[in-house]
1. Mind checking which aspartates and glutamates have their C-alpha under 15 Å from residue B:378, skipping anything on the same chain fewer than 8 residues away?
2. If you place +1 on the Cβ of every Lys and Arg and -1 on the Cβ of every Asp and Glu, how big does the dipole about the Cα centre of chain B come out, in debye to the nearest 20?
3. Label residue B:108 and residue B:295 with points 7 Å out from Cα along Cα→Cβ: what is the distance between them in nm?
4. Stokes-Einstein diffusion coefficient for region B:1-93 at 10 °C in a medium of 1.306 mPa s, Rh from the Kirkwood formula over Cα pairs: what value in µm²/s?
5. Out of the total accessible area of region B:456-607 (probe 1.4 Å, heavy atoms of protein only), what percent is carbon and sulfur?
6. Kindly flag which residue pairs out of A:76/B:513; B:8/B:392; A:76/B:524; B:46/B:303; B:245/B:274; B:277/B:345 have an alpha-carbon separation exceeding 22 Å in this structure.
7. Averaged over B:514-520, how many beta carbons belonging to a partner chain fall within 10 Å of each residue's beta carbon?
8. Under a Cβ-Cβ cut-off of 11 Å, what is the net charge of the residues other than residue B:327 that fall near it, where Lys and Arg count +1 and Asp and Glu count -1?
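The values are calculated or read from the model by the stated rules, or taken from the named source; none is laboratory data. This is a predicted model, so every value here is computed, not measured. Neighbour counts run over all protein chains shown; Cβ positions are idealised from the backbone, glycine included. Side chains are part of the model used for accessible areas, which takes the heavy atoms of the whole protein and leaves out ligands, DNA and RNA. Shrake-Rupley method; radii C 1.70, N 1.55, O 1.52, S 1.80 Å.
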Amino acid sequence: MNIINKILNVDDYYFDVFMSISEALTGFTVNELQSTGLAETYYTYVLKCLEAATFVEFLTVSKNILESSSGEEELKKAIQSEIIAHPGMNDISGKVITMWYLGTWEGAYINDLSYKEGLVWNLMHSHPPGAKQPGYKSWNIKPVNTQS
Amino acid sequence: MNPTHNKKDVIIVGTGIAGSLIAKLLSDHVFDATKGKMVHRADAGKSDNIREISILMYEAGLEAGIELDSVSSMTTYNEYIRTFYREEAKVPNSPYPNLKQAPSPNVLDMEHIVQPYPDKKGYLVQFGPMPFASDAIRVGGGTTLHWLGTTPRMLPNDFKLTEKYGIKIPKPDSDEKTAVDWPISYEELRPYYEMAEFEIGVSGDVSRQEYPITEKTEEYYGNYVFPMEEIPQSYMDHKIIEGLKGTSVKLSSGEIPLMMVPSPQGRNSIPNPKYGKTKVIKAEPKDSGYKLVLDSSEKEEYKALGSVWNPYMGERCEGNASCVPICPVQAKYNALKTLKKALYKMNDNDNLSRNLFMQIQAQSVVYKLSIDQNDSHKISKVHLRKYISKEKTDFVEESIDTSDAIVILAANAFENPKILLNSKYTTPEGVKTAANSSDQVGRNLMDHMVMLTWGLFPEPVYPYRGPGSTTNISSFRDGEFRKDFSAWISPLDNWGWGWPAFSPGSDVAYFIKEKHFGAELREKLTDRLSKQVLFHFEIEQLPNPNNRVTINDEYLDVLGIPRPVIHYELTEYEMKAMEQAKDASDQMFKRLNITDFTKYTAEDKNSVIYNGVRYSYNGAGHIVGTHRMGSKAEESVTDSYCKTWDHPNLYVVGAGNMTTLGTSNPTLTLSAFTIRSVESILADLEIQLKK
Ligand SMILES: Cc1cc2nc3c(=O)[nH]c(=O)nc-3n(C[C@H](O)[C@H](O)[C@H](O)COP(=O)(O)OP(=O)(O)OC[C@H]3O[C@@H](n4cnc5c(N)ncnc54)[C@H](O)[C@@H]3O)c2cc1C
Ligand code: SF4
């Protein structure tokens with residue numbers, strides 16, 4: 001089986017694994033992650049940046065964790081022991097989280113959109129400076145999405 | 001050598017706010033040969049005897065930066081914004097072209113100085129002992145492209161520190177002391193403040209400006225409103241104000257009650273109906289000379305002026321929260337707006353048309369002036385190097401004959417002294433440098449030392465939204481304590497810990513390193529980021545002749561032009577203010593239950609130890625003082641109209657003229673006295689054009 005070819009095909013299940021593990025690592029749902037419009041870009045970007053075997057290993061470990069854990073608590077524990085506690089896996093997971101949160105990989109923005117879609121801004125009820133401006137006087141009140 | 005041929009009446013070096021204001025005001029006036037007077041365009045009528053003033057501006061930045069027709073300006077500006085999106089370190093200069101031919105000082109270049117070796121990593125050559133921590137930008141429109149746009153006026157006492165508090169500073173290389181009073185008073189400058197506030201388009205509420213001054217607001221502002229209504233204060237401001245209202249802090253000088261003031265700002269809000277119609281700044285001829293007045297135009301309502309390429313974009317501040325380094329919609333004022341008004345005038349059909357008497361030559365780095373000793377030491381030539389393209393460092397040497405022109409240096413407080421010091425001439429008494437008979441050129445370099453304190457508010461205050469700062473604590477701007485230590489102003493910052501701690505990136509990194517992920521990571525970050533508060537203490541620096549810009553043939557840029565060589569240090573007066581400000585911060589944090597995260601370490605580039613405690617500071621971008629104005633030729637470079645004492649056709653304008661710094665951001669004040677200088681320039685032009 002030629003795994004590299006399968007990964008390059010964005011429709012394949014490794015992409016789903018990437019999205020699912022991203023969900024577990026970032027705390028944002030797959031839907032929220034998709035709505036950045038960057039899911040496929042990020043997937044192929046990581047593939048380009050990491051040695052293929054390393055990424056495949058990360059995804060394979062992730063796939064096993066996702067498949068074998070029933071329930072959130074179990075998943076959390078599995079991630080802790082198999083990804084976070086493992087230096088190599090932890091390094092990749094940190095990079096993946098940072099990519100979603102800030103739009104950067106090793107300090108560099110992936111593209112213009114990745115800056116604007118950094119999830120850190122959503123999480124603090126703000127917006128990326130210089131983009132997605134909320135409008136006159138918006139800063140004067142509590143952010144709208146904190147009222148609920 | 002390739003002298004530019006057609007004769008010009010005025011040569012302006014630099015298209016920042018200082019240069020653009022002069023270009024705008026001069027190009028609004030014409031010479032009525034019948035009357036022998038300069039008159040405002042609107043009052044000139046259709047006489048055949050009208051002569052336009054021909055103006056040439058030189059700009060060191062790229063050609064693209066000064067092309068202000070709608071399409072070109074939008075293209076260039078959007079390119080700046082895209083660069084900003086992509087730059088990781090979003091420092092003030094990050095959106096703008098980094099030119100090797102006209103380098104800009106950049107905060108990222110600042111390093112520890114290990115004496116006697118200078119830090120020469122960037123454009124500035126810094127000998128220290130402390131690094132000078134502020135930057136500026138060399139592109140069309142200058143540093144207002146990345147300024148924050150806070151525009152308080154100076155206080156009356158700021159103009160007379162010697163008279164009021166007995167403060168004196170040493171003369172260069174001498175034990176003798178000299179006064180630091182300005183040659184003009186607040187009263188005299190007040191009408192020009194109004195003109196500057198009109199041109200910049202200041203939003204604010206006069207009735208809410210509360211300062212520690214003996215004058216009443218009515219005396220300080222007169223019967224006056226700002227052109228636009230107050231910019232709404234942030235949610236965070238309200239929380240802090242709630243917690244501090246009616247309290248005071250105790251300093252070594254006694255109790256100081258806290259005044260939280262919504263800051264006047266150069267960014268668009270809602271035009272204030274009370275302000276009335278839009279205005280015109282025009283010169284009224286007097287028996288001798290001219291007086292500028294701010295006249296109501298009967299024609300039009302006052303409108304907020306949006307972006308250079310589309311006036312309907314940026315009519316209101318939209319809360320982009322990126323004022324420094326770039327406002328995507330140009331709701332924040334920048335000098336390109338004024339420059340465009342100089343370049344385009346209404347024609348008879350009320351359409352904008354290109355002003356043919358005004359020319360801007362970009363990619364032209366002015367580096368030297370020639371002086372004609374046989375013609376009362378007039379500036380006879382301006383010398384520049386015009387580079388060919390962004391990529392290439394080849395240049396064409398050019399000069400322009402200025403013996404019949406007025407020369408105005410408006411290249412900022414690093415560049416003006418640099419050009420003057422590079423303009424050497426031999427006299428029977430020895431070698432001199434331009435405008436420097438007082439030996440004050442380049443001296444008295446000042447900045448606000450921005451000491452930051454940061455912490456976590458007990459509940460979410462939702463920072464990272466809105467303009468950089470909407471409120472300041474004005475209590476420490478004046479008082480008897482100035483005999484002992486610096487005054488300061490304390491803006492509250494709306495952008496979390498971005499400046500001191502590189503948040504939110506550093507927080508993301510921190511919690512990942514702490515092995516958090518998933519929902520827990522999300523929670524931790526939300527909690528930390530929504531509670532971040534940042535206080536500034538912008539501490540006044542006194543003029544000190546040893547803090548200075550010099551040049552040295554050893555340090556040249558790629559065009560072979562000297563780079564600014566900086567010597568900079570702090571005195572006890574300023575360090576004591578840091579100690580007092582930290583004390584004030586501690587008291588305010590305690591009252592607000594803010595958990596203090598402030599940390600000053602030996603790794604900080606700018607840090608001092610005072611009474612055994614470390615304090616770190618940043619630059620404020622307020623580069624001030626290097627060609628001070630004064631009432632005596634022996635002690636200053638220019639008179640109160642920014643005209644050099646030494647050369648009858650040379651003006652030097654910008655924050656460099658400021659005699660002292662006070663506690664206000666300098667641009668409104670520099671704009672006010674730069675506008676005032678036009679009165680003197682018009683009088684000189686009248687004589688010149690009568691010939
Ligand atoms: C980050 C930051 C924030 C700031 N925030 C505020 C604020 O909130 N409020 C405030 O009042 N002030 C603020 N300032 C300060 C303010 O930006 C400056 O005081 C003001 O812009 C200076 O105007 P200027 O016209 O004198 O100089 P500049 O704007 O620096 O303009 C100089 C012009 O001359 C050109 N030039 C330079 N050298 C040459 C040469 N050799 N030949 C030809 N052309 C040349 C430059 O390209 C530029 O166009 C801030 C500054 C910074 C850096
Ligand atoms: S908050 Fe945004 S819209 Fe307002 S001035 Fe700043 S950058 Fe411009």
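1. Here the aspartates and glutamates satisfying the reach criterion relative to residue B:378 are B:9, B:401, B:404, B:646, B:684.
2. Details: 79 positive and 91 negative charges, 156 e Å.
Once rounded to the nearest 20, the dipole reads 740 debye.
3. According to this spin-label approximation, the distance is 4.9 nm.
4. Numbers: Rh = 16.3 Å.
The calculation lands on 97 µm²/s.
5. Working: 2510 of 5220 Å².
Carbon and sulfur together cover 48 percent of it.
6. Pairs exceeding 22 Å: B:8/B:392; B:46/B:303; B:245/B:274.
7. Details: counts 0, 6, 3, 14, 12, 6, 2.
Per residue, the average neighbour count from other chains is 6.
8. Values: positive: B:267, B:332; negative: B:318.
My count for the surroundings of residue B:327 gives +1.
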